[in-house]
Amino acid sequence: MTHLTIEPSILYVGTPVELISTANGDGTVNLAPMSSAWALGDVVVLGIGTDGQTAHNLLERPEMVINFPSPELWTAVESIAGMTGRYPVPEEKRDRFRYEPAKFEAAGLTPVPSELVGPPRVAECPLQFEAVADDIRLDASGNFFIVEARVVRVHADPRIVVPGTSYVDPRRWSPLIYNFRHYFGLGEQLGESFRTETPTAATCNSVSGVG
């Protein structure tokens, strides 16, 4: 079977969705959905458009929260996808975006205080990373910012954590996936990497003296 040579307009092959909360200059909060991020160690690298309020905020105030919604929150994410906290709306966005300063309310989401950074967390998101942008620079083509965000605190819903540990249980946690501009959740587990350190249910039972 041969492959087709194609020229897709976007390359979102299936990446987790994030809701980035940042502080506006007037003390209010901006909340923005995105799906261009990857993590290594305690650093999350974000790809952020240059004309949005998130980029504007991070250049002035580098603190943020990277909130990870679960699949059932996709409608909340999509409800603010066409909104911008930037006023006036940048010319290149005016045909598809509208100004909305109160995105938490617009999405029906709840802000809760962070512990080490100023912007609030999204209460409904099961996984939340408080972070600080250590470096912000333009990509090679000058079309977007590459942000290196150092995670300073992680919050997780107890239901997705292996009891008694700091491990997120991948059998309980399912991120919202952005797949060629369509929303998906994860399916059943197929296997695990030889590098995994997450205790299995059998391991946990053995350690606790069960089974």
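At-a-glance table
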item	result
Per-residue HN-Hα couplings for region 49-65 [Karplus 6.51, -1.76, 1.60; θ = phi - 60°; Hz; x = Gly/Pro]	x, 7, 9, x, 5, 4, 4, 4, 5, 5, 5, 9, 9, x, 7, 7, 10
Contact order normalised by residue count of the chain, Cα under 8 Å, 6+ apart, percent	23 percent
Rough spin-label spacing in nm, given labels placed 7 Å along Cα→Cβ, for D26 and S141	3.5 nm
Relative contact order of region 99-208, defined on C-alpha pairs under 8 angstrom at six or more residues apart (%)	14 percent
Additional length obtainable on full extension of the chain from T196 to L40, 0.36 nm per residue less Cα span	54.7 nm
Carbon + sulfur, % of accessible area of the chain - ligands and nucleic acids excluded, 1.4 Å	54 percent
Surface accessible to a 1.4 Å probe, per residue, for the residues of the chain, Å²	60 Å²
Trypsin sites (Lys or Arg not before Pro) within region 56-118: DSSP coil, no more than 16 neighbouring Cβ in 10 Å	R94, R96
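The values are calculated or read from the model by the stated rules, or taken from the named source; none is laboratory data. Quick caveat: nothing in here was measured; it's all calculated off a predicted structure. We place every Cβ from the backbone using ideal geometry, glycine too, and count neighbours over all the protein chains shown. Ligands, DNA and RNA are stripped out before the accessible areas are found, and what is left, the full protein with its side chains, is counted by its heavy atoms. Shrake-Rupley method; radii C 1.70, N 1.55, O 1.52, S 1.80 Å.
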